[in-house]
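Contents: one structure, followed by commentary.
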Amino acid sequence: MEDKYGILKSTEELRRTFKSGVTRTVEWRKTQLRGILKLIKENEQTLFDLLQSELGKHPIESYRDEIGVVKKSADNALRCIDQWMSPKKGWLPLLFFPASKKVVPEPLGLVLIIGSWNFPFTLILDPLIGAISAGNTVLLKPSELAPNCASFLANKLPLYLDPKAIKVIEGGSGVSSQLLEYKWDKIFFTGSTKVGKIVMAAAAKHLTPVTLELGGKCPVIFDSLPNSDMKVAIKRIVSGKWGPCAGQACIGIDYMLVEQKRASTLIEELKKIIKRFYGDDVKNLKNIARIVNKVHFDRLRNLLEDPAVANCIVYGGSFDETNLTIEPTILLDPPLDAEIMNEEIFGPLLPIITLDNIEESIDFINSKPKPLALYAFTKSDDFKKRILAETSSGSVTFNDTMIQFVCDGLPFGGVGESGFGRYHGKYSFDTFSHEKAVFDRSFYLELEPRHPPWSKFKLEF
Ligand code: NAD
């Protein structure tokens, strides 16, 4: 195979480094984690500038969704790594006496991490924190759709982290396809379901384990709420839908389900808060990111161009091609067979689907592929129980949106078409480790009946 992108050379060096054993030491792992913290501290303004210029993110949004998230993860890993690395001992049944057992986490080896563009630092650095905490060498492939963020990582990471153990390769699907030809000990992929299938097929050739962090259509169930709770809920929904990267988020709200009789109040309240948070002039929107590029801008515009869908716009619907911004847009009851109700929207358009009874939302959600996140605003414990028992999704969040992403104590990952595997906090460490079972037996107390020759007496014993 032609080594067009220098992949072979890089992987050979990464393999040599892993073999040397350096990455297995706790000192090396802690030095790398501190390196990530130093990188962020010394380049914070550059990171803000890059995210602003490349995706139009406000620095507060960038801190909340990227810089702060990575800092928190690295701090948490530094605090917990000794405990994570320690073998887990336990009791054995008397039958095995005298013996001991333990489970020892060991690094997998050489890991490939492929990232998406919508959180170009978080989606590369957060899995990296897990991979180095677990003692692996790593090759990172950020998304080509945020090229300046990718170049920043390629240029800066070698200055802060061990360049013989952690490398970055820039490029798009061509580079990715080449990378997937090689044998890895683990592939961690964040991106679309379509490319996830390509990654998994390539990994299968080498029996490489994969974690697939994919997307899908994340619903919100909106039950009846007392007025004061409803006002809080609306703010959380508006922030969750349009806040992180203008709806270009894997766990962003895709559509809402509400009882018909509550739809008009819901829409009026959403409009008020949207205007307050983002303004209503598409040429001068505040606090909202832009669409990543013209291709995605046109994809979103096409979703609304279907006349049957355009008729359903009850708020927004304006586009500014010069700035690649789209006004927060609400649609009421678009046809269920329209593309907008069958493709992941990944943008600032919000369809609201009305139902006669909110309990029908369970069947509605079950008629679609399993989502990465499910949100439900309800005060009914019985309804919460039904949602948990009768639907399947990567996560369920009651009465808030997006917040589950920053909770290190919860696993983050999908199920079904939204992916599989999980990370964050200790789950990241586990994702990049093999749990080796160790059984240590003494030479005393040999039970002869366990050995041949077999006899009737031994059978009865
Ligand atoms: P994508 O699948 O197009 O690209 C993701 C990565 O795969 C990029 O690095 C890209 O270069 C690479 N790639 C593209 N085509 C490839 C190919 N043919 N072979 C190998 N690699 C290829 O996805 P995207 O546009 O970056 O992101 C949008 C999707 O990602 C959405 O579906 C979204 O829901 C999902 N996503 C999921 C998460 C999560 O944590 N679960 C986070 C962000 C985005």
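Here, each number is a calculation from the coordinates, and none is a lab measurement. Keep in mind it's a predicted model, so treat the numbers as computed, not measured. We place every Cβ from the backbone using ideal geometry, glycine too, and count neighbours over all the protein chains shown.
Model label sites at residue 197 and residue 229, defined 7 Å from Cα along the beta-carbon direction, differ in position by 4.1 nm. Computed across region 204-288, the Kirkwood radius stands at 14.9 Å (inverse of mean 1/r, all Cα pairs). In summary, region 121-173 shows an alpha-carbon radius of gyration equal to 1.06 times the 2.2 N^0.38 Å reference for compact globular proteins. Note: relative contact order over the chain, using C-alpha pairs below 8 Å and six or more positions apart, is 18 percent. A dipole drawn for region 1-91 from +1 and -1 charges on Cβ atoms has a positive end, and of 90, 77, 5 the residue lying farthest that way is 90. Give the cross-link partners of residue 261 among the lysines, using a straight C-alpha distance below 27 Å as the criterion and excluding same-chain residues fewer than 8 apart. Within the straight-line cut-off, residue 261 pairs with 217, 231, 235, 241, 271, 272, 275, 368, 379, 384, 385. Measuring between alpha carbons in the structure, the pairs from 89/456; 183/436; 71/167; 156/183; 88/186 lying more than 28 angstrom apart are 89/456.
When you count the other C-beta atoms within 10 angstrom of each residue and take the mean per peptide, 350-363, 438-451 line up highest first as 350-363, 438-451. Using the Stokes-Einstein relation with a Kirkwood hydrodynamic radius computed over Cα pairs, the translational diffusion coefficient of region 380-424 at 4 °C and a viscosity of 1.567 mPa s comes to 111 µm²/s. A convex hull fitted to the Cα coordinates of region 280-411 yields 143 cubic angstrom per residue.
Rounded, prolate or oblate: which fits region 2-99 when a ≥ b ≥ c are the square roots of the eigenvalues of the alpha-carbon gyration tensor, with rounded for a/c under 1.5 and prolate only if a/b beats b/c? It comes out oblate by the Cα gyration axes. The length gained by stretching the chain between residue 321 and residue 27 to full extension, at 0.36 nm per residue less their Cα-Cα distance, is 100.8 nm.
Order of 275, 384 from fewest to most other C-beta atoms within 10 Å?
Least crowded to most crowded, the residues run 275, 384.
For region 333-443, taking Cα atoms only, Rg and Dmax work out to 18.6, 73 Å respectively. Between the helical axis of 227-242 and the longest alpha-carbon principal axis of the chain there is an angle of about 70 degrees.
DSSP beta bridges fully contained in region 301-392 are about 50 percent antiparallel. Taking N as the residue count of the chain, its C-alpha radius of gyration divided by 2.2 N^0.38 Å amounts to 1.11.
Summing Cβ point charges (Lys, Arg +1; Asp, Glu -1) relative to the Cα centre of region 364-408 gives a dipole of roughly 180 debye. Going from the residue with the fewest nearby Cβ atoms within 10 Å to the one with the most, 85, 402 rank 85, 402. In degrees from 0 to 90, rounded to the nearest 10, what is the angle of the helix 193-205 Cα long axis to the longest principal axis of the chain? Orientation of helix 193-205: about 20 degrees from the principal axis. This model, with +1 at the C-beta of Lys and Arg and -1 at the C-beta of Asp and Glu, gives the chain a dipole about its Cα centre of some 1780 debye.
Only Lys, Arg, Asp and Glu carry charge here, each on its Cβ (+1 for the first two, -1 for the last two); on that basis region 1-159 has a dipole of about 860 debye about its Cα centre. Just how far, in whole angstrom, is region 395-453 from region 311-326 if you go by their alpha carbon centroids? Region 311-326 and region 395-453 have Cα centres separated by 45 Å. Restricting attention to the chain, close to 35% of DSSP beta bridges with both partner residues there are antiparallel. Only one residue of 303, 431, 278 has its Cα farthest out toward the positive end of the dipole of the chain, where Lys and Arg carry +1 and Asp and Glu -1 on Cβ, and that residue is 431. For the chain, the longest principal axis of the alpha carbon atoms and the long axis of helix 294-305 meet at an angle near 50°. Over region 183-327, Cα pairs under 8 Å with separation of 6+ residues give a relative contact order of 19 percent.
Farthest toward the positive end of the dipole of the chain, out of 326, 25, 119, is the Cα of 25, where the dipole comes from beta carbon charges about the Cα centre.
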